[in-house]
Amino acid sequence: MKLSKSYQPQEHEAAIYSLWESRNAFIPSQKGSPYALVMPPVNANGNLHMGHALTFSIQDIAARYQRSQGKSVLYIPGADHAGFETQVVFERELIKTGKSRFDYSREELYKNIFKFVDQNRTNLHSQIRRLGASVDWTRYTFSLDPAVVRQAYATFHSMWQQGLIYRGERLVNFCTYHGTAFADIEVVHKEEQGKLWHISYPLTEGKGSVVIATTRPETMLGDTAVAVNPLDKRYQELIGKTLRLPLTNREIPIIADSYVDPDYGTGAVKITPAHDPNDFEIGERHDLPKVTVIGFDGRLVHDVPEPFKGLTVEEGRAAIINALSKNGYLAGSEDLVHSVGHCYKCGTVIEPLLMEQWFIDMKPLAKQAITAIRAGEIKFIPDTKRKQLINYLENIRDWNISRQIAWGIPIPAFVNENDPGDWIYDERVDQEVIEVNNKTYRRDPDVFDTWFSSSSWPYVTLGFPASDNYTKFYPLELMESGFDILYQWIGRMIMLGLYVTKQVPFKRVYLHGMITDEHGRKMSKSVGNVINPMEVIDAYGSDALRIGMISGQTPGNNQPYVPSKVIGGRNFCNKLWNIARFVQDKVESDQLAKLSLADHWILNRYDTMLRAYRKLMDNYRFSEAYEEIYHFVWDDIADWYIEASKVSLNPGLVKQLLEASLILAHPFAPFVTETIWQNLDITPDSLLSGRQLLDLPKGNRRSAANFNTIIGLINQVRSMLVATGTIDVKLSYPSSSLLKEHTSLIKQLTGVSSVALGSGEVGVEIAYADLKVWLDISQDRVVAYKQRLDNQIQQELTKIARLESRLNNPQYVKRAPADLVKQSHEQLAASKQNLHQLKVERQQLAR
RNA sequence: GGGGCUAUAGCUCAGUUGGCUAGAGCGCAGCAUUCACAUUGCUGAGGCCCAUGGUUCGAGUCCAUGUAGCCCCACCA
């Protein structure tokens with residue numbers, strides 16, 4: 001097919017992806033050493049966003065580059081049921097139809113969400129394809145696939161047996177709107193303006209009272225003690241005595257605990273073990289009863305005096321303050337800013353509530369992980385994330401894995417109907433009640449935290465425990481993810497991976513930042529600055545989006561979405577396209593002619609660039625590697641080599657260079673490079689995808705240097721022409737074979753009207769290295785150019801001064817590496833030579 | 001309270017173990033244009049690399065302190 005005038009991505013992308021799939025291009029080659037990476041499973045409840053565009057671009061560039069290195073690359077796609085997240089999205093849809101989750105049984109809800117997710121998944125798959133991700137669809141994994149569930153159960157069971165999982169009544173972070181508990185890590189803390197209330201609790205015996213300070217007066221109804229610091233002189237006498245709890249008349253003890261800070265508030269703290277994590281611990285230490293006064297609906301319940309029963313926490317607070325004040329118990333208040341936990345989805349204040357849940361004892365797991373990370377078994381890009389993760393692991397707390405929602409993997413545990421302490425493991429989760437040893441057991445209605453199952457991702461996707469894939473590809477070479485889930489996913493994968501497989505799950509972690517809008521603000525619907533990656537693809541093409549994501553990108557930092565970078569990428573694709581058009585028009589054979597100076601030059605450039613490119617790609621420095629290939633294609637090939645080819649064509653070499661460039665650019669711009677490949681009759685049956693980098697012959701250095709001199713001279717002439725604003729200039733040159741050979745090129749690229757051999761000095765002289773030419777420009781036009789020359793002379797003089805002082809410094813000569821000193825000498829010599837030339841030229845013009 | 005990040009051209013950002021005469025894209029100014037490409041070509045302007053001190057022959061890069069932004073963790077009642 002004849003290539004159109006410019007690259008139109010929309011006309012080719014879909015067909016190209018289908019071609020790759022139909023030719024099994026992304027199934028591991030089985031040749032070469034294995035290289036595996038796994039796509040972080042996409043939440044199956046919405047559309048791809050810019051973060052996905054970034055993450056898949058990075059992963060896919062790595063995957064495609066490794067194929068070009070001859071590796072057997074496995075890149076596994078997947079989706080996550082995303083338990084709570086998805087249920088929230090689904091609920092929002094339900095509310096639009098006038099229903100709520102309470103209109104359905106758990107089973108019905110589960111089925112409906114499954115349907116919703118299933119539709120969404122197909123949509124997501126097509127979006128992943130549009131981004132060009134070279135994933136092996138035959139190994140696609142969904143987090144509710146039997147294998148994933150089986151592994152979650154196996155891990156749960158074995159941890160339970162080893163005592164790493166326990167069930168206990170603890171204070172959990174409960175969202176009263178969503179009706180479920182969360183892990184500590186999922187709670188969002190916000191600074192809020194609040195009040196510290198001072199309340200006076202009278203002594204049971206005798207006169208006097210103790211004034212306590214609290215931000216949550218409503219929980220006083222559940223107080224079971226007041227604590228003071230054992231060393232606090234003010235309260236020394238009172239320890240062991242009792243107080244009468246206002247509004248309830250319950251008697252509570254004054255206890256001593258070193259947790260209490262005598263300098264904060266009044267130095268006396270009310271203790272509510274059922275509603276505050278610290279109080280819970282103090283309660284455990286002092287064996288205090290736990291009085292629950294807030295229910296799972298967020299209302300005051302249970303052991304609460306009548307007037308307050310049924311009020312919300314907020315209403316209760318006001319009512320209690322009012323009652324305390326009326327009865328003379330309120331001793332004052334002060335403003336304070338404190339941090340309050342909120343549900344990360346709906347913003348409801350998280351209530352610490354007593355609840356029985358399944359917990360994982362994280363300390364031993366974290367310890368193993370820290371050891372492995374410290375031993376360097378996992379490389380972090382950037383390395384600072386390693387320190388952060390270790391810091392987190394060192395302070396880790398137990399992980400609550402129970403969730404009170406419908407959408408998720410049911411916990412395979414049953415409790416004896418007649419003995420709440422008798423729990424057994426059983427996988428018959430499709431039954432609510434089972435009989436074991438003539439006893440009736442009822443299923444735990446809860447489901448696993450999604451992260452519990454997704455933390456097994458690196459090995460479940462490979463078919464652990466018994467599969468060739470697992471043996472061959474585990475541990476993964478690369479885990480690429482956003483740094484926002486460093487703790488909840490990366491950390492847990494490492495811990496569970498070590499626990500289950502006895503190996504680290506991956507050798508390298510690459511963490512990208514968040515995509516913000518152009519001014520560094522988070523993309524959010526309410527601000528209205530969200531950009532849909534599919535619309536960017538519609539407008540500029542998939543390759544352009546990938547390049548926009550990757551150029552100027554560094555790991556570990558947030559990065560703004562900058563449209564101009566996408567446009568730059570689009571333009572680059574078009575540049576490749578037009579180089580291909582030139583080849584299609586002008587190159588009729590693959591005959592390799594005798595190498596010209598330009599040929600030697602471009603081969604030299606290729607060699608230099610290829611080495612830099614490889615080194616950068618091997619070190620996951622994609623942005624810089626892209627710059628290498630970008631400048632090679634645009635500056636070297638398009639601006640110089642193709643121009644030289646118009647004068648003198650070496651068909652075989654032009655073609656080879658195009659092929660080589662396409663292979664190099666392919667990881668960044670897979671669609672346009674493959675489209676060109678398919679349309680150019682170069683090896684028609686094969687795909688570009690998967691081709692290995694080409695080694696081309698090296699150019700002769702002297703020949704290359706000679707061509708470089710021509711380039712320099714052309715640049716000088718151009719500069720002069722622009723500075724003098726002249727047209728229709730005749731160029732003459734003294735006898736020189738180098739110049740003679742390139743007269744056409746010089747004429748074409750400078751735009752002079754003629755290039756001819758001349759013996760006399762006409763007009764102004766232009767010199768570059770050992771070449772000189774004359775331009776018939778009258779002396780009076782060169783004022784601007786003279787100014788430029790003067791500037792250049794000045795620059796050269798400062799440079800020489802700097803180099804000389806450096807070389808006159810005996811310490812430098814003594815201590816700097818020898819080759820560096822040698823280089824300085826060379827630079828100085830070159831500078832002096834250059835200065836001389838500039839001066840000669842300047843003198844010429846001065847006449 | 002603990003941990004971490006950022007500060008470089010008008011904008012958005014690169015700059016690996018110190019060797020920099022500090023780069024890119026976009027933007028800006030001027031010129032060109034039927035010849036692969038206006039998704040173009042050419043020429044150019046534009047920077048006390050946040051501040052101060054230190055280490056070093058040499059610091060954008062390393063160290064310390066400070067200033068200004070930002071993120072994460074945490075049980076300040």
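With respect to the conditions (1) within 14 Å of RNA strand B (Cβ to nearest atom); (2) open to solvent by less than 40 Å² (accessible area, probe 1.4 Å); (3) in contact with a helix residue (DSSP H, G or I) (Cβ under 9 Å, 6 or more places away or on another chain); (4) in contact (Cβ under 8 Å) with a residue 60 or more places away in the chain, A:Val210 falls short on a single one, namely (4).
A:Ile27 - would you say it is crowded, with 20+ Cβ neighbours inside 10 Å and not charged (D, E, K, R)? Here the answer is no, as A:Ile27 does not meet what is asked. Restricting A:Ala593, A:Ala544, A:Ala598 to residues that are more than 20 Å from A:Gly513 (Cβ to Cβ), in a loop (DSSP other than H, G, I, E, B), in contact (Cβ under 8 Å) with a residue 24 or more places away in the chain and of a type in the set (A, V, I, L, M, F, W, C) narrows the list to A:Ala593. All conditions in (1) open to solvent by 60 Å² or more (accessible area, probe 1.4 Å); (2) in contact with a helix residue (DSSP H, G or I) (Cβ under 6 Å, 6 or more places away or on another chain) hold for A:Leu462, with the sole exception of (1). Of all residues in the stretch A:227-245, those satisfying the criterion of being within 22 Å of A:Ala274 (Cα to Cα) and in contact with a helix residue (DSSP H, G or I) (Cβ under 9 Å, 6 or more places away or on another chain) are A:Ala227, A:Val228, A:Asn229, A:Leu245. A single entry from A:Ile282, A:Ile294 fulfils the requirement of being within 12 Å of RNA strand B (Cβ to nearest atom), buried (at least 21 other Cβ atoms within 10 Å of the Cβ), modelled with pLDDT of 85 or more and of a type in the set (A, V, I, L, M): A:Ile282.
Pairs meeting the criteria (first residue in the stretch A:120-148 and in a loop (DSSP other than H, G, I, E, B), second residue of a type in the set (Asp, Glu), beta carbons under 7 Å, at least 6 apart or on different chains) are A:Gly132/A:Asp60; A:Ala133/A:Asp60; A:Ser134/A:Asp60; A:Ser143/A:Asp80.
Got at least one residue in the stretch A:42-52 being in contact (Cβ under 8 Å) with a residue 40 or more places away in the chain, at positive phi and open to solvent by 20 Å² or more (accessible area, probe 1.4 Å)? Within the stretch A:42-52, not a single residue is in contact (Cβ under 8 Å) with a residue 40 or more places away in the chain, at positive phi and open to solvent by 20 Å² or more (accessible area, probe 1.4 Å). The single condition among (1) among the hydrophobic types (A, V, I, L, M, F, W, C); (2) at pLDDT 95 or above; (3) open to solvent by 50 Å² or more (accessible area, probe 1.4 Å); (4) in contact with a helix residue (DSSP H, G or I) (Cβ under 8 Å, 6 or more places away or on another chain) that A:Ala15 does not satisfy is (4). Look at the stretch A:601-618: where a residue is in contact (Cβ under 8 Å) with a residue 12 or more places away in the chain and under 21 Å from A:Ile381 (Cβ atoms) and a partner is away from RNA strand B (no atom under 13 Å from the Cβ) and open to solvent by 30 Å² or more (accessible area, probe 1.4 Å), sitting 6+ places away or on another chain with Cβ atoms under 9 Å, you get A:Arg614/A:Gln69; A:Met617/A:Gln69.
Taken together, the residues in the stretch A:421-459 that are open to solvent by less than 30 Å² (accessible area, probe 1.4 Å) and of a type in the set (Lys, Arg) amount to 0.
Filtering the stretch A:486-514 to residues that are open to solvent by 10 Å² or more (accessible area, probe 1.4 Å) and either of a type in the set (S, T, N, Q) or within 10 Å of RNA strand B (Cβ to nearest atom) (or both) leaves A:Tyr487, A:Gln488, A:Thr501, A:Gln503, A:Met514.
So that you can scan it fast, the table gives a plain yes or no per residue for (1) within 23 Å of A:Leu171 (Cα to Cα); (2) surrounded by fewer than 18 Cβ atoms within 10 Å (Cβ to Cβ); (3) without any contact (Cβ under 8 Å) to a residue 40 or more places away in the chain; (4) not acidic (Asp, Glu):
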site	(1), (2), (3), (4)
A:Ile239	no, yes, yes, yes
A:Pro246	no, no, no, yes
A:Asn249	no, yes, yes, yes
A:Asp261	yes, yes, yes, no
A:Ala268	yes, no, no, yes
A:Pro277	yes, yes, no, yes
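Of the strands (runs of 3 or more DSSP E) that lie entirely inside the stretch A:1-109, those containing 1 or more residues that are among the acidic types (Asp, Glu) span A:78-80. Of all residue pairs spaced 6 or more apart or on separate chains, those with beta-carbon atoms under 8 Å, a first member in the stretch A:553-568 that is open to solvent by 60 Å² or more (accessible area, probe 1.4 Å) and a second member that is near RNA strand B (Cβ under 6 Å from one of its atoms) are A:Thr554/A:Ser623; A:Asn558/A:Gly520. In the stretch A:576-592, the qualifying residues are those that are within 11 Å of RNA strand B (Cβ to nearest atom) and among the polar types (S, T, N, Q), and the one that is modelled with the lowest pLDDT is A:Gln584. If the condition is being in contact (Cβ under 8 Å) with a residue 60 or more places away in the chain, open to solvent by less than 50 Å² (accessible area, probe 1.4 Å) and either at positive phi or assigned to a helix (DSSP H, G or I) (or both), then the stretch A:324-372 contributes A:Leu324, A:Gly332, A:Met362, A:Leu365, A:Ala366, A:Ala369, A:Ala372. If you go through the stretch A:148-183 and keep only what is farther than 17 Å from A:Pro410 by Cβ, buried (at least 16 other Cβ atoms within 10 Å of the Cβ) and of a type in the set (Gly, Ala, Ser), you end up with just A:Ala183. Among the residues making up the stretch A:94-117, those that are open to solvent by 80 Å² or more (accessible area, probe 1.4 Å), farther than 24 Å from A:Gln431 by Cα and not hydrophobic (A, V, I, L, M, F, W, C) are A:Lys96, A:Thr97, A:Lys99.
Every residue in the stretch A:160-201 that is in a loop (DSSP other than H, G, I, E, B), near RNA strand B (Cβ under 10 Å from one of its atoms) and not small (Gly, Ala, Ser), please.
A:Val187
Only residues that are crowded, with 20+ Cβ neighbours inside 10 Å and in a loop (DSSP other than H, G, I, E, B): list them for the stretch A:405-420, please. Residues satisfying the conditions are A:Ile405, A:Ala406, A:Trp407, A:Gly408, A:Ile409, A:Ile411, A:Pro412. Checked against (1) more than 27 Å from A:Gly548 (Cβ to Cβ); (2) of a type in the set (S, T, N, Q); (3) under 21 Å from the mean Cα position of the chain (by Cα), A:Ser481 meets all criteria but (1).
Pairs meeting the criteria (first residue in the stretch A:821-832 and without any contact (Cβ under 8 Å) to a residue 60 or more places away in the chain and within 9 Å of RNA strand B (Cβ to nearest atom), second residue part of a helix (DSSP H, G or I) and open to solvent by less than 60 Å² (accessible area, probe 1.4 Å), beta carbons under 7 Å, at least 6 apart or on different chains) are A:Ser824/A:Leu803; A:Ser824/A:Leu807; A:Gln827/A:Leu803; A:Ser831/A:Glu796; A:Ser831/A:Ile800; A:Ser831/A:Leu803. Among the candidates A:Lys615, A:Lys655, the residue that is of a type outside the set (A, V, I, L, M, F, W, C), assigned to a helix (DSSP H, G or I), under 27 Å from A:Lys5 (Cα atoms) and open to solvent by 30 Å² or more (accessible area, probe 1.4 Å) is uniquely A:Lys655.
The values are calculated or read from the model by the stated rules, or taken from the named source; none is laboratory data. Only a predicted model underlies this, so the values are computations on that prediction, with no experimental measurement involved. Here the Cβ is made from the backbone with ideal geometry for all residues, glycine too, and neighbour counts use every protein chain on show. Heavy atoms of the whole protein, side chains included, go into the accessibility calculation; ligands, DNA and RNA do not. Shrake-Rupley method; radii C 1.70, N 1.55, O 1.52, S 1.80 Å.
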